[in-house]
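Encoded as structure tokens, the structure appears first; notes follow it.
Throughout, read-outs are computed from the coordinates displayed, never taken from laboratory work. Not measured: the values here are computed from a predicted model. Backbone-built Cβ (ideal geometry, glycine too); neighbour counts: all protein chains shown.
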Amino acid sequence: MLELKNVSKKFDDNEVLKNINLDIENGEIIALLGPSGCGKTTLLNMILGLTEVTEGEIYYNGKPVHNVPMKKRGFNIVFQDYCLFPHLNARENILYGLKNTQKNTDTKEITDLIELLDLRPHLDKKIHELSGGQKQRVSIARTIVMEPKVLLMDEPLSALDGMIKERIKDMIIKVAKSLSLTTIIVTHDPEEALTMADKIVVIEEGRIAQYDSPDMIIKQPANHFVKKFILNQLEIKRHNIYALFGEQHGA
Ligand SMILES: Nc1ncnc2c1ncn2[C@@H]1O[C@H](COP(=O)(O)OP(=O)(O)O)[C@@H](O)[C@H]1O
Ligand SMILES: [Mg+2]
């Protein structure tokens, strides 16, 4: 279990996260959901170990990790903008992190992962030869071969659209569930959170407004903010769909 106890973060005098308490069960997919600037990335980076907590504690399976450096913490992240090495091909990018370890790069686990993410036809391509969705899948594979105890993703779908977005979404869920990976996904899109996560953390200006299953978030939003945020975002989508297809299809 991953536990956050009274975690706060200040940048100078600006307190961007306040008293975050969170219990995440092993193997769960969690979405951190909220509008831009509410503190999602900061929270993710504190769990990763990239950003120090100002106050509070983080425990993994009962052991404190908030003072453990990022590399030793054993968590890993898929960045929003992929951060792949342009001079290496897809295969070399995926295996890069294993270079200085004793780990075998020719295992069934890695072959299965490449299969699951449908990357086999693209392994010899340079990064500039890959589409956005392919780059994202390489970036996910590269992170997962490191066998993180917790997989963190910052807006993994935000650069993708349409069918590709749906496909990558399904792949992320499939990989996370088949490996029983504890997965924390940052998103500003309620639809992504509602369709991907076992539980959603709705963040309102640095505080947790609600931590619940998608079902409960919809049925019993904890406050006005949660209700408005979810409904507004879904409403914007509905308007966009109407604009595309006309009202008669949207009822
Ligand atoms: N390194 C930093 N130094 C100062 N302020 C920061 C830093 N990182 C984030 N912030 C501030 O913290 C707040 C939350 O940012 P962030 O966690 O990136 O939000 P989100 O990911 O939800 O959009 C914002 O007001 C942002 O300006
Ligand atoms: Mg962010």
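Could you list 82, 96 so that the one with the fewest beta carbons within 10 Å of its beta carbon is first and the one with the most is last?
Details: 82 19, 96 15.
In increasing order of surrounding Cβ atoms, one gets 96, 82.
Please compute the length gained on full extension between residue 108 and residue 180, using 0.36 nm multiplied by the number of residues separating them and subtracting their Cα-Cα distance. Let's see the in-between values first.
On the way: separation 72, 0.36 × 72 = 25.92 nm, distance 1.68 nm.
Gain on stretching residue 108 to residue 180: 24.2 nm.
What is the gain in length, in nm to one decimal, between residue 146 and residue 173 on full extension, counting 0.36 nm per residue of separation less the C-alpha to C-alpha distance?
Contour length minus Cα-Cα distance gives 7.9 nm.
Counting only Cα atoms, I'd like the Rg/Rh figure for the chain, Kirkwood definition for Rh.
On the way: Rg = 18.8 Å, Rh = 19.2 Å.
We get a ratio of 0.98 for the chain.
Hey, if you put +1 on the Cβ of every Lys and Arg and -1 on every Asp and Glu Cβ in the range 82-146, which of 95, 110, 128 ends up farthest toward the positive end of that dipole?
Final value for the positive-end residue is 128.
Which residue, 164, 222, 210, has the largest displacement toward the positive end of the dipole of the chain when charges sit on each Cβ (Lys, Arg +1; Asp, Glu -1)?
Value: 164.
Given Cβ point charges of +1 (Lys, Arg) and -1 (Asp, Glu) and nothing else, what value in debye, to the nearest 20, does the dipole of the range 153-251 about its Cα centre take?
In debye, rounded to 20, the range 153-251 gives about 200.
Could you check which residue among 161, 12, 189 shows the biggest mean-square fluctuation in a GNM of the chain with a 10 Å Cα cutoff?
Checking each option, the largest mean-square fluctuation is seen for 12.
Here is the link list: 10/99; 149/237; 174/199. Which ones come out longer than 26 Å on Cα distance?
10/99; 149/237
Taking amide hydrogens as modeled 1.01 Å from N in the peptide plane, which residues meet the under 5 Å criterion relative to residue 203, leaving out close sequence neighbours?
Amide H to amide H, under 5 Å and 5 or more residues apart or across chains, residue 203 pairs with 33, 34, 209.
Expressed as a whole number of Å, what is the distance separating the alpha-carbon centroids of the range 1-76 and the range 159-234?
Cα centroid of the range 159-234 versus Cα centroid of the range 1-76: 18 Å apart.
Take the Cα pairs of the range 1-101, get the Kirkwood Rh, then feed it into Stokes-Einstein at 4 °C and 1.567 mPa s and tell me D in µm²/s. Intermediate values should be presented prior to the final figure.
Details: Rh = 15.3 Å.
Rounded, D is 85 µm²/s.
Can you put 75, 225, 85 in order of Cβ neighbours within 10 angstrom, beginning with the fewest? If you can, show how the numbers build up before the last one.
Details: 75 23, 225 18, 85 11.
Placing the least packed residue first, the sequence is 85, 225, 75.
Round to the nearest 0.05 the FRET efficiency obtained for residue 161 and residue 231 when R0 = 22 Å and r is the Cβ-Cβ distance.
After rounding, the FRET efficiency stands at 0.50.
Would you kindly derive the ³J(HN,Hα) couplings of the range 199-205 from the backbone phi angles with the Karplus curve 6.51 cos²θ - 1.76 cosθ + 1.60 (θ = phi - 60°), listing them in order in whole Hz, with x for Gly and Pro?
9, 10, 9, 8, 10, 10, 6
Could you quote the convex hull projected area for the range 82-146, Cα atoms only and averaged over all directions, in nm²? It would help to have the intermediate numbers written out before the result.
On the way: hull surface 15.9 nm².
Mean projected area of the Cα convex hull: 4.0 nm².
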